[in-house]
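Asker: Sharing a structure here in structure tokens format.
None of the figures in this text is laboratory data; all of them are computed from the coordinates on show. Just so you know, these numbers come straight off a predicted model, no measurement behind them. Glycine also receives a Cβ, built like all others from the backbone with ideal geometry; neighbour counts cover every protein chain displayed.
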Amino acid sequence: MTMNRRAFIGTGVAASAALSAPMLNAQGKPRVVVIGGGAGGATAARYIAKDSKGAIDVTLVEPTRSYYTCFFSNLYIGGFRKLGSIAHSYGTLASEFGINVIHDWATGIDREARTVTLAGGTVLPYDRLILSPGIDFVEGAVPGWDTTAQNAMPHAYKAGSQTELLKAQVEAMPEGGLFAMVAPPNPYRCPPGPYERVSMVAHLLKEINPTAKILVADPKPKFSKMALFQEGWRNHYAGMIEWLGPDFGGGNVKVDPAAMTVDIDGTVENVDVCNVIPAQKAGRICDLAGITEGNWAPVVPHTMQSRVDENIHVLGDSTDQGDMPKSGFSANSQAKVAAMAVRGALTGSKVFPAKFSNTCWSLINTDDGVKVGASYEATDEKISKVDGFISQTGEDAALRERTYEESLGWYAGITEDMFG
Amino acid sequence: MPIRLSGAIALSLLISAPGAALADEIGDAERGAEVFDYCSGCHEVGKGAENGIGPHLNGIFGRPAASVADDYHYSEGLERAGADGLVWHLDTLDAYLENPKTLVSGTRMSFDGLEDPQERADVLAYLRKFSDNPQNIPEADPTARKPEVELSPEVLEIVGDPEYGEYLSSECTTCHQSDGNDEGIPSITNWPEEDFVLAMHAYKREIRPHPVMQMMAQRLSDEEIAALAAYFADIQ
């Protein structure tokens with residue numbers, strides 16, 4: 001096998017050369033600080049701690065004690081999961097992997113001094129910093145809406161209380177009422193997410209309020225798994241869902257949260273529930289760190305290092321990396337590449353070429369699961385899609401059921417991979 | 001332990017190259033914008049592009065041949081190619097640009113072809129910008145080529161390196177739980193190495209049907225499959 005490995009390293013990526021000199025730390029163990037405890041951050045922290053076997057000091061900064069995964073939160077809305085089943089704590093990362101978990105907000109980053117300041121006043125020095133803060137919303141993206149209106153018109157695009165609120169509002173709709181969704185422009189977290197949500201709201205309404213209607217205003221002419229969702233909507237929820245793309249004014253939307261109205265291209269609708277999913281950008285700490293260009297943080301594909309600061313790695317939704325969709329699976333995949341690069345830089349461990357993959361499962365109705373996925377590789381320019389697959393329209397029920405069961409297995413797998 | 005493949009799997013198929021191979025990038029879009037001067041007499045691309053002498057080229061990646069709606073009239077040759085299932089991907093577009101008449105007899109595209117592979121790669125990179133982006137629509141066409149290599153019998157006698165397998169296993173454990181739990185997704189721990197290797201090669205050659213596993217296996221070299229088999233065989 002040594003022969004194979006030598007050949008392997010010989011053809012390794014250019015990035016490994018840059019990482020070949022381990023950093024020495026006068027204070028002792030090298031220090032890694034991870035900001036954000038989701039699919040990117042929790043995975044990175046766990047893999048660095050696990051694989052360095054105590055040689056690296058890992059601190060994870062995450063404001064919430066209970067983390068609700070955004071993936072599968074739509075299934076809670078549809079009644080397929082309890083909210084508690086998508087909540088996870090950081091106990092195992094602390095107890096079993098020795099990660100120093102701090103529940104606080106990161107409020108500032110000094111890139112010169114290599115320190116992170118927390119809201120509580122703590123200052124954390126780092127040798128490498130990993131930012132995985134997820135998304136924030138672009139201000140003014142939907143005229144009439146800002147985060148102060150999120151109780152009247154929830155976004156439910158960061159899981160937890162927002163998801164709970166949206167479901168409660170759907171359950172409280174008057175008979176035959178109207179649910180509206182303002183869908184986001186590209187790029188955004190979880191490309192099929194809004195449409196899985198429409199499916200789950202329709203599933204819930206069909207059970208409790210079958211004459212209710214769903215209206216989707218969308219600035220995009222095409223969306224992920226479009227043919228699969230539209231087929232499912234026709235089959236399961238005939239006459240319930242109306243989707244307005246940009247040709248029908250779906251890109252020209254204003255809302256009035258006080259009056260509970262939505263203005264689509266000049267036509268004002270009274271709505272009972274309005275789910276506003278605004279345009280998105282990198283989590284705010286990326287802006288504070290000064291590593292964003294436009295709305296996102298550009299990264300080097302081979303290592304997930306910021307293109308602005310080589311001591312910072314960025315993961316998941318916040319990145320501008322190329323072809324990978326902004327998904328939990330992608331963030332988890334990127335985290336493992338970053339963890340390997342960080343260990344290589346700090347302890348001189350072997351660095352293998354980066355490989356990335358993603359699969360997104362969506363549920364359309366009971367036992368009607370679909371998926372789309374792809375493999376990716378790092379090029380100097382971007383993370384490039386190499387190959388992919390997608391569920392087909394007209395698949396038989398047994399395959400769709402199997403796909404759904406597979407998604408349950410994936411959920412169990414990735415959450416174990418993140419939280420231990 | 002040397003791995004012996006049973007007769008169930010043919011050895012002569014073309015399979016993907018080892019993961020260590022460098023990406024075969026599709027070229028430089030900026031240079032491609034200049035190469036597109038050859039095309040712009042007949043084709044428009046970008047915002048507001050319309051059909052002219054040739055059809056517009058927005059969204060061409062992943063599009064069946066001869067499928068631009070509206071009022072564009074294709075040659076019979078291209079119509080037939082489209083009906084036969086020709087879809088525009090990196091490889092088909094590359095062949096078409098190299099010599100249009102080789103791919104589609106009777107095409108009206110009066111273009112002698114681009115001999116230089118780099119020029120073709122560059123102009124395809126440029127055109128790729130005007131098709132769906134996988135980040136936004138994950139089912140969009142690939143932007144990188146799959147490298148291919150011939151499989152030789154020697155590589156099947158590889159003894160897997162469990163340490164390397166441990167690194168590679170992080171791709172598996174996003175779905176397959178390392179504690180062997182098999183809820184919804186099968187357990188892959190503590191398999192006999194030979195069974196593991198046979199199963200992975202069967203996915204790699206698309207003899208086993210699962211699309212996720214086919215995709216994952218096709219990216220693994222023979223060494224990597226052996227390494228994974230060795231790692232998962234002994235995992236506690």
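Asker: 5 Å is the cut-off here: which amide hydrogens, built 1.01 Å from N in the peptide plane, fall below it relative to A:R81, excluding neighbours closer than 5 in sequence?
Answerer: Amide H neighbours of A:R81, under 5 Å, 5+ apart: A:Y76.
Asker: If you count, for every residue in A:355-362, the Cβ atoms of partner chains within 10 Å of its Cβ, what is the mean?
Answerer: 4
Asker: Right, here's the next one. For a test of the definition: using alpha carbon positions, the gyration tensor, and the 1.5 limit on a/c, classify the protein assembly as shown as rounded, prolate or oblate. Kindly include the intermediate steps, with their values, before the conclusion.
Answerer: On the way: a/c = 1.41, a/b = 1.03, b/c = 1.37.
Note, shape of the protein assembly as shown comes out rounded.
Asker: May I pose another question? Can you list the HN-Hα couplings for the stretch A:208-225, worked out from phi with the Karplus curve (6.51, -1.76, 1.60; θ = phi - 60°), rounded to whole Hz and with x for Gly and Pro?
Answerer: 10, 7, x, 8, 5, 10, 10, 10, 10, 9, 10, x, 9, x, 9, 9, 4, 6
Asker: Inside 10 Å of the C-beta atoms of A:388-395, what's the mean count of C-beta atoms belonging to other chains?
Answerer: If you average over the peptide's residues, the count of other-chain Cβ atoms is 3.
Asker: Taking only Cα atoms, what is the 0 to 90° angle, nearest 10, from helix A:41-52's long axis to the longest principal axis of chain A?
Answerer: Tilt relative to chain A: about 30 degrees.
Asker: From Cα pairs below 8 angstrom and at least 6 apart in sequence, can you work out the relative contact order of the stretch B:112-234, rounded to a whole percent?
Answerer: Normalised by residue count, the contact order of the stretch B:112-234 is 31 percent.
Asker: Can I ask one more? Given the -39500 (n - 2.57) contribution per DSSP H run of 4+ residues, what per-residue ellipticity at 222 nm results for chain A, rounded to the nearest 500 deg cm²/dmol?
Answerer: -9000 deg cm²/dmol
Asker: Could I ask something else about it? What does the charge count near A:L346 come to, summing +1 for each Lys or Arg and -1 for each Asp or Glu among other residues with Cβ under 12 Å from its Cβ?
Answerer: Residues near A:L346 contribute +1 overall.
Asker: Could I ask something else about it? Short version: ³J(HN,Hα) in whole Hz for each residue of the stretch A:90-96, in order, from phi by Karplus 6.51 cos²θ - 1.76 cosθ + 1.60 (θ = phi - 60°), x for Gly and Pro, what are they?
Answerer: 9, x, 5, 4, 6, 6, 8
Asker: Which value in Å is the Kirkwood Rh of the stretch B:130-236 over different Cα pairs? Show your work: numbers first, answer last.
Answerer: On the way: mean 1/r = 0.0665 Å⁻¹.
For the stretch B:130-236, the Kirkwood estimate is 15.0 Å.
Asker: Under a Cβ-Cβ cut-off of 11 Å, what is the net charge of the residues other than B:I225 that fall near it, where Lys and Arg count +1 and Asp and Glu count -1?
Answerer: With Lys, Arg at +1 and Asp, Glu at -1, the neighbours total -2.
Asker: As I understand it, the value is the acute angle between the Cα axis of helix A:328-347 and the longest principal axis of the Cα atoms of chain A; what does it come to in degrees, rounded to 10?
Answerer: For A:328-347 against chain A, the angle is about 10 degrees.
Asker: Further question: With labels modelled as points extended 7 Å from the Cα through the Cβ direction, what inter-label distance (nm, one decimal) is found for A:T64 paired with B:N99?
Answerer: Taking the simple label geometry, A:T64 and B:N99 are separated by 6.0 nm.
Asker: Let me ask something additional. Please tell me the relative contact order of chain A in percent, rounded to the nearest whole number, where contacts are Cα pairs under 8 Å and at least six residues apart. Provide the component values of the computation, followed by the final result.
Answerer: Working: 894 pairs, mean separation 82.6, N = 420.
The normalised contact order for chain A reaches 20 percent.
Asker: Further question: If amide H atoms are built 1.01 Å from N in the plane of the peptide, which residues on other chains or at least 5 residues away come under 5 Å of the amide H of A:M181?
Answerer: Answer set, sorted by chain and number: A:L215, A:V216, A:A217, A:N275.
Asker: Checking the table A:K158/B:K146; A:K29/A:K281; A:K213/A:K254 against a 24 Å threshold on Cα-Cα, which pairs fail? Spell out each step's value before the answer.
Answerer: Numbers: A:K158/B:K146 36 Å; A:K29/A:K281 34 Å; A:K213/A:K254 20 Å.
Pairs exceeding 24 Å: A:K158/B:K146; A:K29/A:K281.
Asker: With θ set to phi - 60° and the Karplus curve 6.51 cos²θ - 1.76 cosθ + 1.60, what are the ³J(HN,Hα) couplings of the stretch B:80-88 in order, to the nearest whole Hz, using x for Gly and Pro?
Answerer: Couplings: 5, 4, x, 5, 6, x, 5, 10, 7 Hz.
Asker: Inside 10 Å of the C-beta atoms of A:366-375, what's the mean count of C-beta atoms belonging to other chains?
Answerer: Averaged over the peptide's residues, the number is 3.
Asker: Then there's this: For B:C42 and B:E79 in the same chain, what is the full-extension length gain: residue separation times 0.36 nm, less their Cα-Cα distance, in nm?
Answerer: Extending this stretch completely gives an extra 11.5 nm.
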